[in-house]
Amino acid sequence: MSEGEAYVTCQRDCPDACGMLVGIRDGRVVSVRGDPHHPVTRGFLCPKSRGYVAYDKSPKRILYPYIRTGPKGSGHFKKIDWEEALDIISDKIKEILSKYGPDQIVHFEYLENTGLISFYYPQRLFNALNATGIEYTICDLAGEVAISLHYGERYGAFPSDLERSRLIVVWGANPASSSVHAYSLMAKAKSKGAEIVVIDPRKTRTAYLGWHITPRPGTDGFLALSIAHTLIEEDLVDWDFIKDKTSGFESYKELVSRFPPEVVEEISGVEANVIRRFAKLYAERKPNVIYIGIGLQKSRCGAEAVRAICLLPALVGVDRGFFFCNSVRDFDLRYLAGEHLRTAPTRKVNMIRVGRLLAEGEFRFIYIYGSNPAVTVPRADLFRKGLMREDLFVVVHQVVWNETAELADIVLPATNMYEQFDVVVSYWHPYVQISEGLATPLGESKPGWFIVQQLAKKLNLERDELYEDPKETLDLVLRKSKMLNGGLEDLKMKKILKLKYPPKDVYQTPSGKIEFVSSLAMRFGLSPLPNLRLEEPPDEFPIILLSSSIPRLASTQY
Ligand SMILES: Nc1nc2c(c(=O)[nH]1)N[C@H]1C(S)=C(S)[C@@H](COP(=O)(O)OP(=O)(O)OC[C@H]3O[C@@H](n4cnc5c(=O)[nH]c(N)nc54)[C@H](O)[C@@H]3O)O[C@H]1N2
Ligand SMILES: Nc1nc2c(c(=O)[nH]1)N[C@H]1C(S)=C(S)[C@@H](COP(=O)(O)OP(=O)(O)OC[C@H]3O[C@@H](n4cnc5c(=O)[nH]c(N)nc54)[C@H](O)[C@@H]3O)O[C@H]1N2
Ligand SMILES: [Mo]
């Protein structure tokens, strides 16, 4: 389209997934505004999206395929054409396959583009090759698993629950930056009389919303157990709820009895009387929501802390009275990613260990898209060291010259969310949205699915799924879902469809109850109860640095 308005859903890695109306002239984005009819994002946007028009003309944009000419990391590249780039890549893949086998090829991706096609479809090629994949551990997986141990699925409160809450506890999150629409709902709830409590070692902008409690970093799990102790000791719990809807209460009670507020004051730095006061408020003010942040679970015992926190609502009788990650859907993502194309068992490696593995000489070929691991993974120094290896071939599909692209052998130009079609599902609100992306791809940029189809052809791969029109694939996936009423055509017409989540009082655990003592954890060889350890920083590194999302950036996405 050269002129007109497109519906674009923001695909930056953010819970809000804003609906946007994008003005297009001569194929370029000339205006971006919020969709006033979006049920959650309601027409307002964060500074990042509002500022997109300037970013669209960024000189950092990668416009053509490039090949490295100087030494690795020298930043010297030469423009080549697509045919040549794809030939070089497919020859390299053939060579690695015959010399070292498919497990020495690894693909590394993350959620820079949260669109379903952008993220999943390119994996089809690598699955068809039986290449090595990664486990997505960098962001919220620990907390997701933590909640699922006790509740089955991890979904919790939705935006509408925030709106009607009488108490909102923001625990280790900074939505004033990271989710401006959640923040605005919190502010609105407050104006209607809700109490807000923010538990964060740092004074964030969010903390100004209400009562600020400042534990030492990494001690939140103990704090949660102590709150539980107080609730039980002072008879503030909902005994009927515990009896009807939970299991394992006696063992849990035994655990929390070891953490009276005076003991936890020593550990967490939060005064005993503050813990007692909070427990009382928490029991009194219902309905309530604990908004659990990603920041809080990024420590060695982070998942255990989330386990301890997510059990608090079960004490006061609130079904799933937490929000952490509502990314529960019944979409056949395995099909979308082509997992059925594998012909042999394949290897998966934890993405936070890939840097170390690369530095140690593992893998001969890496394909990176939608991610910037040269700076975003723990021990990014090792990742960079690995990318510099002479015996590793690095392909990066990217929109802009980021730190990872600078270290590639071949760089391929990527379309961005304004230039490619996709469908986006929020991990907070229950909406599925279209993203028409009607701007003209800048330079010779291409979406990921295109590259995969071209490489499949050059590698003489025969499975039809490698050439399937991504829109047809997506339509199939959407129509098969029982949580969604409709397919791509409905979405094209309505722009937004609502997912039907299972009710909040259904628990997908083996017992069908909220399990204080998790039978799933036992099955996995984990502690059935939250298992906290106090971590003292080593003497040579006595300071704990905390990072948080900031308003004008989304990780390194801008
Ligand atoms: N120290 C520290 N490290 C962290 C975190 C932290 O808080 N502190 N947070 C962690 C978390 S929660 C996450 S989710 C990760 C995120 O880490 P990653 O997913 O690795 O990186 P991002 O910065 O989100 O974005 C990746 C890149 O996408 C590129 N890009 C922009 N637009 C497009 C596009 O349209 N298409 C394509 N193909 N690429 C595009 C940009 O160049 C950007 O560099 O970082 C983690 N790392
Ligand atoms: N503007 C903007 N929005 C974003 C992003 C962005 O980079 N910029 N990133 C997106 C992504 S990928 C994610 S995962 C989310 C993350 O968004 P959030 O869930 O809000 O998490 P963070 O911003 O990483 O950190 C939130 C807070 O956790 C606190 N914290 C750190 N350690 C501890 C602890 O031990 N205990 C407690 N109680 N608090 C602690 C930090 O001080 C910080 O203020 O935001 C998304 N939205
Ligand atoms: Mo994240």
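Quick rundown of the values:
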{"item": "Test: residue in segment 79-87 that is of a type in the set (A, V, I, L, M), loosely packed, with under 14 Cβ neighbours inside 10 Å, away from ligand 2 (no atom under 16 Å from the Cβ) and part of a loop (DSSP other than H, G, I, E, B)", "result": "no"}
{"item": "Residue under evaluation residue 417, criteria (1) within 16 Å of ligand 2 (Cβ to nearest atom); (2) closer than 14 Å to residue 113 by Cα; (3) surrounded by fewer than 24 Cβ atoms within 10 Å (Cβ to Cβ), criterion not met", "result": "(3)"}
{"item": "Flag for residue 342 being in contact with a His (Cβ under 8 Å, 6 or more places away or on another chain), outside the structural domain of residue 148 (by TED's automatic domain parsing) and either away from ligand 2 (no atom under 16 Å from the Cβ) or closer than 30 Å to residue 463 by Cβ (or both)", "result": "no"}
{"item": "Within segment 295-326, considering residues that are at pLDDT below 95 and part of a loop (DSSP other than H, G, I, E, B), the one nearest to the chain's Cα centre (by Cα)", "result": "298"}
{"item": "Segment 136-173: number of residues that are within 16 Å of ligand 2 (Cβ to nearest atom) and not in a helix (DSSP H, G or I)", "result": "14"}
{"item": "Condition check for residue 124: among the basic types (Lys, Arg), assigned by TED's automatic domain parsing to the domain that holds residue 390, farther than 17 Å from residue 393 by Cβ and buried (at least 22 other Cβ atoms within 10 Å of the Cβ)", "result": "yes"}
{"item": "Which listed residue is assigned by TED's automatic domain parsing to the domain that holds residue 281 and within 16 Å of ligand 2 (Cβ to nearest atom), from 196, 242, 232", "result": "196"}
{"item": "Residues that are of a type in the set (Ser, Thr, Tyr) and out of contact with any Asp or Glu (no Cβ under 8 Å at 6 or more places or on another chain), drawn from segment 209-256", "result": "219, 226, 230, 251, 252"}
{"item": "Condition check for residue 280: among the charged types (D, E, K, R) and either touching a residue at least 12 places away in the same chain (Cβ under 8 Å) or assigned to a loop (DSSP other than H, G, I, E, B) (or both)", "result": "yes"}
{"item": "The one condition in (1) within 16 Å of ligand 1 (Cβ to nearest atom); (2) touching a residue at least 40 places away in the same chain (Cβ under 8 Å); (3) not β-branched (Val, Ile, Thr) that residue 100 fails to fulfil", "result": "(1)"}
{"item": "Residue tally, condition in a loop (DSSP other than H, G, I, E, B), away from ligand 2 (no atom under 16 Å from the Cβ) and either under 17 Å from residue 494 (Cβ atoms) or among the polar types (S, T, N, Q) (or both), over segment 1-41", "result": "6"}
{"item": "Long-range neighbours under 8 Å by Cβ, at least six apart or interchain, first residue under 17 Å from residue 193 (Cα atoms) within segment 155-173, second among the aromatic types (Phe, Trp, Tyr) and assigned to a helix (DSSP H, G or I)", "result": "167/282; 169/282"}
{"item": "Residue 301 within 20 Å of residue 213 (Cβ to Cβ) and touching a His at 6+ places or on another chain (Cβ under 7 Å)", "result": "no"}
{"item": "Those residues of segment 285-340 which are within 16 Å of ligand 3 (Cβ to nearest atom), farther than 25 Å from residue 250 by Cα and of a type in the set (A, V, I, L, M), in sequence order", "result": "292, 294, 296"}
{"item": "Which numbered condition residue 136 misses (of (1) surrounded by fewer than 20 Cβ atoms within 10 Å (Cβ to Cβ); (2) without any contact (Cβ under 8 Å) to a residue 60 or more places away in the chain)", "result": "(2)"}
{"item": "Single condition residue 74 does not satisfy, out of (1) within 15 Å of ligand 1 (Cβ to nearest atom); (2) closer than 20 Å to residue 411 by Cα; (3) surrounded by fewer than 17 Cβ atoms within 10 Å (Cβ to Cβ); (4) polar (S, T, N, Q)", "result": "(1)"}
{"item": "In segment 117-134, the residues that are within 14 Å of ligand 1 (Cβ to nearest atom) and either farther than 24 Å from residue 383 by Cβ or in a strand (DSSP E or B) (or both)", "result": "117, 121, 134"}
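Yes/no per residue for (1) in contact with a His (Cβ under 7 Å, 6 or more places away or on another chain); (2) part of a helix (DSSP H, G or I); (3) buried (at least 19 other Cβ atoms within 10 Å of the Cβ):
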{"site": "202", "(1), (2), (3)": "no, no, no"}
{"site": "215", "(1), (2), (3)": "no, no, yes"}
{"site": "226", "(1), (2), (3)": "no, yes, yes"}
{"site": "231", "(1), (2), (3)": "no, yes, yes"}
{"site": "251", "(1), (2), (3)": "no, yes, no"}
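Okay, residues lined up against (1) touching an Asp or Glu at 6+ places or on another chain (Cβ under 8 Å); (2) over 30 Å from residue 258 (Cα atoms):
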{"residue": "315", "(1), (2)": "yes, no"}
{"residue": "328", "(1), (2)": "yes, yes"}
{"residue": "332", "(1), (2)": "no, yes"}
{"residue": "348", "(1), (2)": "yes, yes"}
{"residue": "351", "(1), (2)": "yes, yes"}
{"residue": "354", "(1), (2)": "no, yes"}
{"residue": "357", "(1), (2)": "no, yes"}
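The values are calculated or read from the model by the stated rules, or taken from the named source; none is laboratory data. Since we're looking at a predicted model, the values are computed, not measured. Methodologically, a virtual Cβ is constructed for each residue, glycine included, from the backbone with ideal geometry; neighbour enumeration extends over all protein chains shown.
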